[in-house]
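K.L.:
Sharing a structure with you now.
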Amino acid sequence: MHFALNEDQAMLRDAVADTLQDACTADVLRAAWTGTNPALWRPLAELGIFGLSLSENRGGMGLSEVEESAVAVEMGRVGFPGPFAETLAAVPFITHQSALLESGLAGDQPLAVAVEGHPIANAREAARVFQTHGSEIAVFTDPTCTDLPSVDPTRALCLVTGDVRSWPGDGQRLRQRATLFTAAMLVGLSHRMLDLAVAYAKERRQFGKAIGTFQAVQHRLADALLALRFAEAPIQRAAFSLATQADSADIDVSTAKAMASEAADTVARAALQVHGANGYTFEFDLHLFHKRVIALQRAWGDARWHRANVAGHLLLDSKENTHA
Amino acid sequence: MHFALNEDQAMLRDAVADTLQDACTADVLRAAWTGTNPALWRPLAELGIFGLSLSENRGGMGLSEVEESAVAVEMGRVGFPGPFAETLAAVPFITHQSALLESGLAGDQPLAVAVEGHPIANAREAARVFQTHGSEIAVFTDPTCTDLPSVDPTRALCLVTGDVRSWPGDGQRLRQRATLFTAAMLVGLSHRMLDLAVAYAKERRQFGKAIGTFQAVQHRLADALLALRFAEAPIQRAAFSLATQADSADIDVSTAKAMASEAADTVARAALQVHGANGYTFEFDLHLFHKRVIALQRAWGDARWHRANVAGHLLLDSKENTHA
Amino acid sequence: MDLTFSDAEHAFRAECRAWLDANVPQTPLQSHNTRAGFQAHVAWEKALHQAGWAVVSWPKALGGRDASLMEWLIFEEEYYASGAPARVTQNDIFLLAPTLFEFGTQEQKDRILQPMAAAEVLWAQAWSEPNAGSDLANVRSTARKVDGGWRVSGQKTWCSRGAFSDGIYGLFRTDTNSERHRGLSYLMVDVHQPGVSLRPVEDLLGEEAFAEVFLDDAFVPQTNLIGEENQGWKVAMSTTSSERGLSLRSPGRFIAAADRLLELYRAHPEPSLRDRVVDTWMKSRAYRDNTFRVVTRMMQGGTIGADSSLNKLFWSELDIQLQQTALDLLGPLAEVAENPWMDSYLFSLAGPIYAGTNEIQRNIVASRVLELPRR
Amino acid sequence: MDLTFSDAEHAFRAECRAWLDANVPQTPLQSHNTRAGFQAHVAWEKALHQAGWAVVSWPKALGGRDASLMEWLIFEEEYYASGAPARVTQNDIFLLAPTLFEFGTQEQKDRILQPMAAAEVLWAQAWSEPNAGSDLANVRSTARKVDGGWRVSGQKTWCSRGAFSDGIYGLFRTDTNSERHRGLSYLMVDVHQPGVSLRPVEDLLGEEAFAEVFLDDAFVPQTNLIGEENQGWKVAMSTTSSERGLSLRSPGRFIAAADRLLELYRAHPEPSLRDRVVDTWMKSRAYRDNTFRVVTRMMQGGTIGADSSLNKLFWSELDIQLQQTALDLLGPLAEVAENPWMDSYLFSLAGPIYAGTNEIQRNIVASRVLELPRR
C-alpha cells in the first residue's frame, strides 16, 4: 500500500499544472464565456495528455487513470473550458481509427459523449459525438444538435438526435472514466475556489480588520477544506480501481463522484458567502469556477444518482418496510 | 386571524408555569431518575389541567388543545417526569367511567398509551393501559409488562402483553393529541436547554473571556434559537386544527411533531457542545432534559415518520422513477 | 387565539384572486434585470396601481386600500400563487416609503409617495459602498453643505436595478469629521443630473441586476434630506429593522414555491428526495404561521424586533433548500439554464448575502435576543 | 501509487484475523466504565498482550511486533471487524507511550513501557482542570520542588476511567511565577499515595467514565518528569498533534460500524434513509483511504501536521451521523436503551468535545492550514 503519486507521476502533474497556469488564466476563461475559443488544447496535447493511457506503440505513454485523474484535477483548478473530461475518457476508444486517434492525441478536435438521452456538452465542436447505453457505445453518424443553454456558457449543451451506429468498446468503462475525470475536475475547481476565498478573506477588511479574522469566516472555510480534503483520496482510489480493473471499480467511481460533487458544492457556497456580493458578479473570478461546479456536480450523475448506484451494489434495494 | 393566546389562555399558562417552577426543580427531576416518585401531579390537577378540554358539566374547563398544548410546553420546560402527554391526551376518552375519570382529573393515577406494538412508557404506574390501532382504541384488561430500559430513566418503558378489549373513541384523535402534546413538550424542553446553554456561555470563561463572546458559540446558539422559534407556531397551528377538527389536522400535527423533534435535536446538540464535557455529566442539569429529548423526539413518531405521513397526504407516493 | 380568516379577510382574498386571475400576463415577462424586461415590469406596476393593488397597505388617498398587515399577507399569498411578475418597486414601497411615512416631512410625502406608487418615479437603494458592506457604518461618501442643500461625492454599489432608476437613497457623511455611525445623513439623490454616473454590474445570471453609482459633486436639495441632519443612521436602522423584516420576503413567495416543488416531485418522483420535498413544504407553512404570529403582535402595537433577523435567516436558508431540491429532482436536466429553477437557485444563493449577511443576522440574534456578551 | 496490500501485509492480516476469530469473547464484556467491566477488560488486555497483539507497532523487545503504521491500520481494521472489546489501555499506549518514546529517559522506558503493555500498571490522562478545558494553557495545578522531586496540588478532571487507574499524567505548573504555556512540566503521578483522592463523575450513560482527581501535596519523584522541567507544554503538544491524530480513532472503527449499519438497514429497510446509510458507508471508506494517504506520507518521513485536526473533525461528525442514522432506522425501538446503537450514539455526541473541541480544531485548521490571520 503506497497511497501517493510516485515521483514520475508527480512530475507529470506538475508539468501540466505549470503549462495550465500560464495558458488558462481567468481572462482566458472570461473570453471563453463570450465565445472566444482559445487554442488551449495543443500545448496540453504536446505534453501527451490525451495519450496518457494509450500504449506506447500507439503513440501514448502507457499509463493509466491514476495519471489521467491527477491531470484532471489540475484542469479543474484552472477551470479548463471545453469537453476535457469526455475527450480524455474517449481517446482510448478510438484506437481503430487512426486519423481520428491522431487528431485526438494532437488536441485538434475534442470528442463529445454523454449517457443516452442526456444533453451532450460541446457536441457541435466535437470530431465525434458518442453516447453510452449500459455496456454499449454508439456514435452519431449524422448528429443534429438542438442547442440548450447551460448554466455554464463554456459547456454549450446539445440535445443530439440522428442515426447512430454501434462503436467498439465497453460503454460502462467509458462512462466510468468520464465520471471519474469530472469528479477530479470538481476537486480541482474546489481547490481554486477555496484559494480565492482564503485570499479574499485575508484582503477584504470590514469593521477595521480582515474578515478572515472573524471566527464565523474561519470556521466556514475550515469546513470547506474538510469536505475537500476527504474528497481527494476517493478520486485516487477510484482511479487505481479502474486502472487495475478491480471488482469495486464502479462503487469507487460513484463514491468519488458523490463526494466530489458534495464537496464542490460545500466549497462553492462557502466561497460565495465569504466573497459577499462580490462573488456574485462577473468582475470577480469566483463565479467562473462556481458556474462550472453547478454544471459538473450534476454531469455524469449527481451525488444522489451515485449514492443510489452504490446502494444497488451494496444490496440495499431489497424490500420495503415502515415503522408504526 | 389572531395568532396569539388571548388573555385568559396566557393567564392559565402562566399559572401552570409558576406552579411548576416551584414544584418541579432540577433536584426533583434528579430524584425521579433514581426512582423517587414525587407527588407532582396533584398541584397540577388542582389547577384543572387534566380536565382542560372536558366540558364544564363533567368537571372540566370546556377548553381545547390550544390551552392543553400551551400547558404542555410549560411541562416540557421543567422536564416534567411521567406519562404527562399520554394522560392529558387520554382523559377525555374516559368520560364514561366516572371513577376513573375522577382519579384522572385529580392526578391520582396516570394513564398509559402507545401505538399498538410499540413499547409503552410508564405502563406499570398507570390506572389503565391503552393502545391505538388506526381509528380504534383498545384497553389491556390484564396487562403484563416486560420492562425495557429507556434512555430516559423517568420513562420506564414496558412491552405490554395480555388481552385487550375495545374502548370507545377515535384512536386517530387520541394518537394525534398525544403526538401534539409530546411535540409541545419538546418545544418546552428546547427552551430550557437553550436557556441553560446561554447562561453557561455567559458564565464559563476560557482564554480570559466568557465563551459566549466567541462567534462560533454565538452563531451556534443563534441557529439553535432559529430552529426553536420556527417550531413554535406549528404547535399552535396543530392545536387549533385539532380543536376545530380542521381537515388539515393530521398534516398539522405531523408538521408540528417533525419540526419540534428536529428543533429539539438541534438545540440539544448545540447546548451540549457549548457545555463541553460538563454537559456530559450527571452533575449539570442539561442532560436531564437532553435525555428526555432523545426519547421524546422518537416517541409518537420521529421526524422521518411524520414526514412520510405528510407525504402520503400530499399525494407524493404515487409512482417511482429514476434519472439516468 | 383564532387561526381562521375573518369574513372580511376571505372577501379581500377573493377580490385579489379575481383581479389577478383576470390580469396576470399569460406568458412570463422578460427578466426585470434587462432594460426591456424592466420596462415591461414597469408597465405591469402601472396596471397594478390603476387597479389599486400596488400599495394595498397604504391609505386610500395615496392609491392604497388601507389594508391591515394581515390583508397585506393575504394579498402577497395570492400574488405569488398567481405567478404574477416580480415587483420592481419592491424596494421603493417597502424600504423608502416606510422611512418617509415615519420620518418624512409632509412636503416629501406629498411629492414622492404618489409617483412612487404609480411607478412613475423609480427608486433604487444605495446602501453599500466598496468598503461598506456588512460594515455599513464605514460609509465614505460625503455630502458637502452648499446653498440650499448638499453636494455629494463618492461611490455606491450593489444598487439593485440602479441602472434603470430615477433616484437613489442612502447614507452620506454630512459631518466630515465624524466617524462610524455618527455624522451620517439619509439623502435622496436624483440620478438624472451632471455628476452622477451609473455603471451596470453583471451578476451570476449575466444580467444587469446591480449598478455602481459614481457621484461627483452632484446636488441634493435640502428637501431631499429624510429626518434630521447627521441622524441618518437612526433613520436607516429604524426602517431596516422594523417592517423590512416582514416585507422583504413574504410567506406567499415560499408557499407558492413549495407548492410548485410538490408539482415537480409528482412529475419527477424520486423516493430518496421525498422527505426533503416534504421538509421544505412544512417549513414554508411554518414560516407563514410564524409570520401570522409576528403580525398579530404588531397589530396589537408590538414591534417585529429581532424576529426580523430570525426571519431572514429562515427564509434565506429555506429558499436555497427549496431550489436545490428542485435541481436535484431534475437531475441532469437541471444544468439546462432554460429551466426557471436554475435562475431561482442562483438567485437564492444571494439570499444569505443581501439585506445584511446571515453572519450579521446571527450576530444580531446572539447579542439582542440571547444577550450574549460582545467581549 | 499502489493501493493494494503487499503479500506481507496480507499475511499479517490473516494472522490477526485467525487469532481474533479464535479468541474474541463470544458475549460482549460489561461496560469498561464500571468497575467489574473494567476488570474484565483488563483481563482481555492481558490475553492480548500474551499473544503479542497488545502493542503491535512497538519493538519486539517490549512485547510488540515491530509492525509498520500500515500494519497497525490493518490490525485495527481486523480488531474492530471482529467485535473485540474496547481497549482500556488506549490512552496509555497511544498518548503516554509515544511521549515516553520521544522524550523519556532510558530508565523511564525500562520501568514503564513493559508493565503498560502488559496492562499491569494502568494510566489515565489528566489534561483538563475545571478552568482549563479548551484553554489548556490555563493549568493551575502546581508542583512545588522538594528533595528528590515535587509535591503536587490542585484538581484535574475528565480523567477517562481515572477511578480505576494506578497513575495519572498531565501538566503541572513547576514555575509558580509563570503564565500560560510557560513554566509547565509533564509529570506522572502515582495515585496510590496519601494526598491523592479520586472522585468518579457519572456521565450521560450513567457510568463512571471519568474521575476528578484532587491532589494535596502528593509526591512525584524526579524520575517521573518527562522531558525537561518547565518544558511540559512542548512535550505535550508534540504528542497530541502527531501520532495521536492517527491513533485516537482508527478507520477500522468506522469501517466496522458502517458495515453493521448496512446490516441494520437490510433488517429495517427504509427507503427515505437509504442515501444517508450509503453516505456514511462512503465516508467511512473515504476516511480509511485518506488515512492511508497520511500514513504513506508519514512512512516516507513526513508528519501528520494539521491532518490531525481535519481527521478529528471528520470522524467525530461521521460517528454522529452514523449512530443517528441507526437510531432513525430503529424508529420507536431506538429509545430502548438496551440497544447498543443508543450507547454508541450517546458516546458519539462527546466526539466533538473531547481531545480538543471541534471549535478548537477549526481554529487550528484556519490558522495553520489556511493561514488566516488571528487579528
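K.L.:
Give me, ordered by chain and number, the residues 5 or more places off B:L63 or on other chains with an amide H under 5 Å from its own placed amide H.
P.N.:
HN-HN under 5 Å from B:L63: B:S53, B:L54.
K.L.:
Run the lone-cysteine check on chain A: no other Cys C-beta under 4.7 Å from the residue's C-beta.
P.N.:
Lacking a cysteine Cβ partner under 4.7 Å: A:C24.
K.L.:
Moving on. What ranking do D:M70, C:M282, D:M298, A:M11 get, fewest neighbouring Cβ atoms within 10 angstrom at the top? Walk me through the numbers on the way to the answer.
P.N.:
On the way: D:M70 22, C:M282 25, D:M298 19, A:M11 11.
Ranked by crowding around the Cβ, least crowded first: A:M11, D:M298, D:M70, C:M282.
K.L.:
Continuing with the same structure: If I model a spin label at A:E46 and C:R375 as a point 7 Å from the Cα along the Cα→Cβ vector, what separation in nanometres do I get?
P.N.:
That separation, rounded to one decimal, is 5.8 nm.
K.L.:
DSSP loop chymotrypsin sites (Phe, Trp or Tyr not before Pro) in region B:170-233 with at most 13 other Cβ atoms within 10 Å of their Cβ, which ones? Kindly include the intermediate steps, with their values, before the conclusion.
P.N.:
Details: sites: B:F181, B:Y200, B:F207, B:F214, B:F230; in loops: B:F207, B:F214.
Counting only loop positions with at most 13 other Cβ atoms within 10 Å, the chymotrypsin sites (Phe, Trp or Tyr not before Pro) in region B:170-233 are B:F207.
K.L.:
Oh, and also: So which of C:K283/D:K283; C:K109/C:K145; B:K257/D:K312; C:K109/C:K234; A:K291/D:K283 end up more than 31 Å apart, counting from Cα to Cα? Write out the running numbers ahead of the final one.
P.N.:
Values: C:K283/D:K283 29 Å; C:K109/C:K145 24 Å; B:K257/D:K312 33 Å; C:K109/C:K234 19 Å; A:K291/D:K283 26 Å.
Check vs 31 Å cut-off fails for B:K257/D:K312.
K.L.:
Let me ask something additional. Can you list the residues, at least 5 places off or on another chain, whose amide H is less than 5 Å from the amide H of B:I137, using H built in the peptide plane?
P.N.:
The list, which skips near neighbours in sequence, is B:W167, B:G171.
K.L.:
Give the shape of the protein assembly as shown as rounded, prolate or oblate, defined through the alpha-carbon gyration tensor: a ≥ b ≥ c are the square roots of its eigenvalues, a/c under 1.5 means rounded, and otherwise the shape is prolate if a/b is larger than b/c and oblate if not. Provide the component values of the computation, followed by the final result.
P.N.:
Details: a/c = 1.44, a/b = 1.09, b/c = 1.32.
Here the protein assembly as shown falls in the rounded category.
K.L.:
Pick out which of A:A238, A:A260, A:A106 has the largest mean-square fluctuation in a Gaussian network model of chain A, springs linking Cα atoms closer than 10 Å.
P.N.:
Its mean-square fluctuation being the largest, the pick is A:A106.
K.L.:
Shifting gears a bit: GNM, chain D, Cα, under 10 Å: largest mean-square fluctuation among D:R297, D:R35, D:R285?
P.N.:
D:R297
K.L.:
Right, another one. Excluding residues fewer than 8 places away in the same chain, name every one of the lysines whose C-alpha is closer than 23 Å to that of B:K209.
P.N.:
A:K209, D:K156
K.L.:
So in chain A, what percent of DSSP beta bridges are antiparallel if you round to the nearest 5?
P.N.:
Values: 17 of 22 bridges.
Counting DSSP beta bridges with both partners in chain A, the antiparallel share is about 75 percent.
K.L.:
In sequence order, what are the phi-derived ³J(HN,Hα) couplings for region B:128-135 according to the Karplus relation 6.51 cos²θ - 1.76 cosθ + 1.60 with θ = phi - 60°, rounded to whole Hz, with x for glycine and proline?
P.N.:
Per residue, the Karplus-derived 3J(HN,Hα) values read 9, 10, 10, 9, 10, 8, x, 8 Hz.
K.L.:
Could you work out how far apart the two model spin labels at C:R13 and B:D108 are, taking each label as a point 7 Å from the Cα in the direction of the beta carbon, and quote it in nm?
P.N.:
4.8
K.L.:
Right, something else. Checking the a/c ratio against 1.5 first, then a/b against b/c, what shape does the Cα gyration tensor give for region B:173-323?
P.N.:
Numbers: a/c = 2.55, a/b = 2.03, b/c = 1.26.
Prolate, because a/c is 1.5 or more and a/b exceeds b/c.
K.L.:
Can you compute the label reach from A:L315? Point 7 Å from Cα along the Cβ direction, backbone N cut-off under 15 Å, restricted to region D:248-285.
P.N.:
Taking a point 7 Å out along Cα→Cβ of A:L315, the residues of region D:248-285 whose backbone N falls under 15 Å are D:259-269.
K.L.:
Ordered by residue, what ³J(HN,Hα) values in Hz, to whole numbers, does region D:306-317 give under the Karplus form 6.51 cos²θ - 1.76 cosθ + 1.60, where θ = phi - 60° and Gly and Pro are x?
P.N.:
6, 4, 4, 6, 5, 4, 5, 4, 5, 5, 5, 6
K.L.:
While we're on this one: For region C:131-147, what does the Karplus curve 6.51 cos²θ - 1.76 cosθ + 1.60, with θ = phi - 60°, yield as ³J(HN,Hα) per residue in whole Hz, taken in order and with x for Gly and Pro?
P.N.:
So the J values, rounded to whole Hz, are 10, 9, x, 4, 8, 4, 5, 8, 3, 10, 4, 10, 10, 9, 5, 9, 4.
K.L.:
Taking a spot 7 Å from the Cα of C:S367 along the direction of its beta carbon, which residues of region C:311-334 have an amide N less than 19 Å from it?
P.N.:
Only C:311-313 fall inside the zone, counting backbone N under 19 Å.
K.L.:
Using a Gaussian network model of chain D with C-alpha springs under 10 Å, which one of D:N91, D:N230, D:N339 is most mobile by mean-square fluctuation?
P.N.:
Checking each option, the largest mean-square fluctuation is seen for D:N339.
K.L.:
Please give the helix C:7-23 orientation as an angle from the longest Cα principal axis of chain C, in degrees from 0 to 90, rounded to the nearest 10.
P.N.:
Its long axis makes an angle of about 90 degrees.
K.L.:
Taking a ≥ b ≥ c as the square roots of the Cα gyration tensor eigenvalues, with a/c under 1.5 meaning rounded and otherwise prolate when a/b beats b/c, else oblate, which class fits region D:1-60?
P.N.:
Here region D:1-60 falls in the prolate category.
K.L.:
Another question about this same structure. Between region C:172-232 and region A:2-68, what's the alpha-carbon centroid distance in Å?
P.N.:
Cα centroid to Cα centroid, the span is 49 Å.
K.L.:
Counting partner chain Cβ atoms within 10 Å of every residue's Cβ in C:326-334, what's the average?
P.N.:
On the way: counts 0, 5, 6, 2, 3, 9, 14, 5, 7.
If you average over the peptide's residues, the count of other-chain Cβ atoms is 6.
K.L.:
If you don't mind, another one. Taking 56 Å as R0, compute the FRET efficiency from the Cβ-Cβ separation of A:D27 and B:H96 and round it to 0.05. Display every interim value, and only then the final one.
P.N.:
Numbers: r = 83 Å, r/R0 = 1.49.
Working from the Cβ atoms, E equals 0.10.
K.L.:
Then there's this: Give me, ordered by chain and number, the residues 5 or more places off B:V115 or on other chains with an amide H under 5 Å from its own placed amide H.
P.N.:
B:T132
K.L.:
Then there's this: Which length gain, in nm to one decimal place, applies between D:E179 and D:A137 when the Cα-Cα distance is subtracted from 0.36 nm times their residue separation?
P.N.:
Numbers: separation 42, 0.36 × 42 = 15.12 nm, distance 0.82 nm.
Gain on stretching D:E179 to D:A137: 14.3 nm.
K.L.:
Give me a single rounded figure for A:190-200: the average over its residues of other chain Cβ atoms within 10 Å of their Cβ.
P.N.:
Working: counts 0, 0, 0, 0, 1, 1, 0, 1, 5, 0, 0.
Neighbouring Cβ atoms belonging to other protein chains average 1 per residue here.
K.L.:
Okay, moving on. Can you pull the mean other chain C-beta count within 10 Å for peptide B:220-232? Don't skip to the answer; put the middle values down first.
P.N.:
Details: counts 4, 6, 16, 6, 2, 8, 9, 1, 1, 11, 11, 2, 4.
Shielding by partners across B:220-232 averages 6.
K.L.:
Shifting gears a bit: Tally the DSSP beta bridges in the protein assembly as shown and give the antiparallel ones as a percent, rounded to 5.
P.N.:
On the way: 102 of 122 bridges.
Looking only at bridges with both residues in the protein assembly as shown, the antiparallel portion is about 85 percent.
K.L.:
Also: Counting other Cβ atoms within 10 Å of each Cβ, which GluC sites (Glu not before Pro) in region C:97-128 have at most 14 and sit in a DSSP loop? Mind dumping the intermediate values first?
P.N.:
Numbers: sites: C:E102, C:E107, C:E120; in loops: C:E120.
The qualifying sites are C:E120.
Where a number appears in this text, it was derived from the coordinates with a stated rule and is not lab data. All values derive from a computational prediction rather than experimental measurement. We place every Cβ from the backbone using ideal geometry, glycine too, and count neighbours over all the protein chains shown.
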